[in-house]
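K.L.:
Can you read through this structure? Questions will come right after.
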Amino acid sequence: MSFIAQRLNYFDSSDFQLAVQKQLLLKDPIDLSIGLPEELTPEHIKAAGIQAIQRDKTAYTPANGVPELRAALAEKLQSENGIKTTADAVTIVPGLTTGQLLVYLATIDPGDEVIVFDPYYPPYPHLASMVGGHVVYVSTLPTYQPDLPALEASITNRTKMIIINSPNNPSGAVYPEHTLRQIAKIAEQHNLLVVSDEIYEHFVYDGSHFSIGSIYPNTITMNGFSKEYAMTGWRVGYISGPQDIINAINELQQYVVMSSSSIAQHAALSALKHRPQIIEKYREKHDFILQEFSKLGIDVHGAQGAFYAFFKAPHDMTDFDFVNKATDYNLILVPGRAFSRLHGFVRLSYGADMATLKRGMSALERMIHELN
Ligand code: PLP
């Protein structure tokens, strides 16, 4: 008999492992698989981290985070996102992935229904299931935009929450303000919580970012430092929302994380003071990728933001077959089943530098050409 708990059945990390294992086997891999920005953490942020260590800012912080960082984030959320909040209604978490789990632990009872738009960032459904929630998937095909009648039809008397992620991983879709206003209206009518993951808010090339938390108070807004500041390994994110939910998350944090890293929080504070300007570089990569996909005759409908393209493998190939075949060309992609219940899709990340992207798209071109 295995000692492993049943809840592990909710995970299947083999989808990602396939990409990682293949990469290890390749000599000179062209890695367009992981959601990593090409930049290294900027010098002033690293220096702030080093200074935090040298100044002995190395003890536990309050469970909800360093007060100056929370105050700076409350100010940012108000002035940039139009979200009415206070430093006390912001809590610092060790990355949004842990943050997502804390949100569920604080709000979801067994049997509560969580609406997730498909395709999705993998932790949304898996962590919801882990806490006993029931995931209701709403497809966004073919445009990757929320289908509002389908959303309404999926609501039952057990629905508690709608998860939104715009700009989206893996599709790149950016939801327009009018769609988010409609979602807010639906959520209000049915008294639902909205969770809005805005980690890619500044990676928008087509349209503009709108925070649903600015119009719907029962929104839990999540954001973090991983992508925009190239701080994936520092593990800092933040959540703001209704005070009672933030209080509940803080209570949980005391037992689950104690506090996020003091060093990383001080580095994050410095990150907020001098924001890196990366959008133009990403726009160039976005335009290049779209142009290449269009030459190949492959639709990437979303791709208005973040740094991903989610596309259907040609010739009805399965995602595994396509991703496996790509490794013959040294190209590493991720099978779409990691992000979707739909089969036959593949995710490409264009977080990589332009030279790698050029090699990657030329490999993809050769592959598609030979498949045709
Ligand atoms: N949310 C989305 C939509 C993401 O794509 C990712 C990373 O790929 C994360 C959250 C992870 O954020 P963090 O590094 O803060 O855990």
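The values are calculated or read from the model by the stated rules, or taken from the named source; none is laboratory data. Small disclaimer: the values here were computed from a predicted structure and weren't measured. Don't worry about glycine lacking a Cβ; one is built from the backbone with ideal geometry, like all the others, and counts go over all protein chains shown. Surface areas here come from the heavy atoms of the whole protein model, side chains and all, with no ligands, DNA or RNA. Shrake-Rupley method; radii C 1.70, N 1.55, O 1.52, S 1.80 Å.
K.L.:
With the checklist (1) at pLDDT below 95; (2) within 16 Å of the ligand (Cβ to nearest atom) in hand, flag the one item Pro276 doesn't pass.
P.N.:
With (1) at pLDDT below 95; (2) within 16 Å of the ligand (Cβ to nearest atom) applied to Pro276, the lone miss is (2).
K.L.:
Here's something else I'd like to know. Among strands (runs of 3 or more DSSP E) lying entirely in segment 66-175, which contain 1 or more residues that are touching a Pro at 6+ places or on another chain (Cβ under 9 Å) and aromatic (Phe, Trp, Tyr)?
P.N.:
Per the criteria, 113-118, 134-139.
K.L.:
Mind listing just one residue for me: the one in segment 61-113 that is within 21 Å of Thr232 (Cα to Cα) and of a type in the set (Gly, Ala, Ser) and, of those, nearest to the ligand (Cβ to nearest atom)?
P.N.:
Filtering first and then ranking leaves Gly95.
K.L.:
Quick one: Thr159 ticks every box in (1) touching a residue at least 40 places away in the same chain (Cβ under 8 Å); (2) within 18 Å of the chain's Cα centre (by Cα); (3) more than 14 Å from the ligand (Cβ to nearest atom); (4) surrounded by fewer than 22 Cβ atoms within 10 Å (Cβ to Cβ) except a single one, so which number is it?
P.N.:
Failing condition for Thr159: (2).
K.L.:
Quick check: anything in segment 257-275 without any contact (Cβ under 8 Å) to a residue 60 or more places away in the chain and not in a helix (DSSP H, G or I)?
P.N.:
yes
K.L.:
Give the residue that is farthest from the ligand (Cβ to nearest atom), with candidates limited to residues of segment 230-247 that are under 18 Å from Glu75 (Cα atoms) and part of a loop (DSSP other than H, G, I, E, B).
P.N.:
The residue in question is Pro242.
K.L.:
Is segment 319-326 home to any residue that is surrounded by fewer than 22 Cβ atoms within 10 Å (Cβ to Cβ) and either of a type in the set (Lys, Arg) or in contact with a Phe, Trp or Tyr (Cβ under 8 Å, 6 or more places away or on another chain) (or both)?
P.N.:
Yes, segment 319-326 contains at least one residue that is surrounded by fewer than 22 Cβ atoms within 10 Å (Cβ to Cβ) and either of a type in the set (Lys, Arg) or in contact with a Phe, Trp or Tyr (Cβ under 8 Å, 6 or more places away or on another chain) (or both).
K.L.:
Output the residues belonging to segment 126-136 that are surrounded by 21 or more Cβ atoms within 10 Å (Cβ to Cβ) and within 16 Å of the ligand (Cβ to nearest atom).
P.N.:
Passing the criteria: Leu127, Ala128.
K.L.:
Have a look at Tyr144, Tyr121 and point out the one that is closer than 30 Å to Val66 by Cα, aromatic (Phe, Trp, Tyr) and within 16 Å of the ligand (Cβ to nearest atom).
P.N.:
Exactly one residue qualifies, and that residue is Tyr121.
K.L.:
Do you know which residues across segment 187-203 are outside any loop (DSSP other than H, G, I, E, B) and buried (at least 21 other Cβ atoms within 10 Å of the Cβ)?
P.N.:
Ala187, Leu193, Val194, Val195, Ser196, Asp197
K.L.:
Of all the residues that make up segment 228-248, how many are over 27 Å from Lys46 (Cβ atoms) and surrounded by 24 or more Cβ atoms within 10 Å (Cβ to Cβ)?
P.N.:
Here the count works out to 1.
K.L.:
Also, I was wondering about something else. Does Asn165 count as touching a strand residue (DSSP E or B) at 6+ places or on another chain (Cβ under 7 Å) and open to solvent by less than 10 Å² (accessible area, probe 1.4 Å)?
P.N.:
In short, yes.
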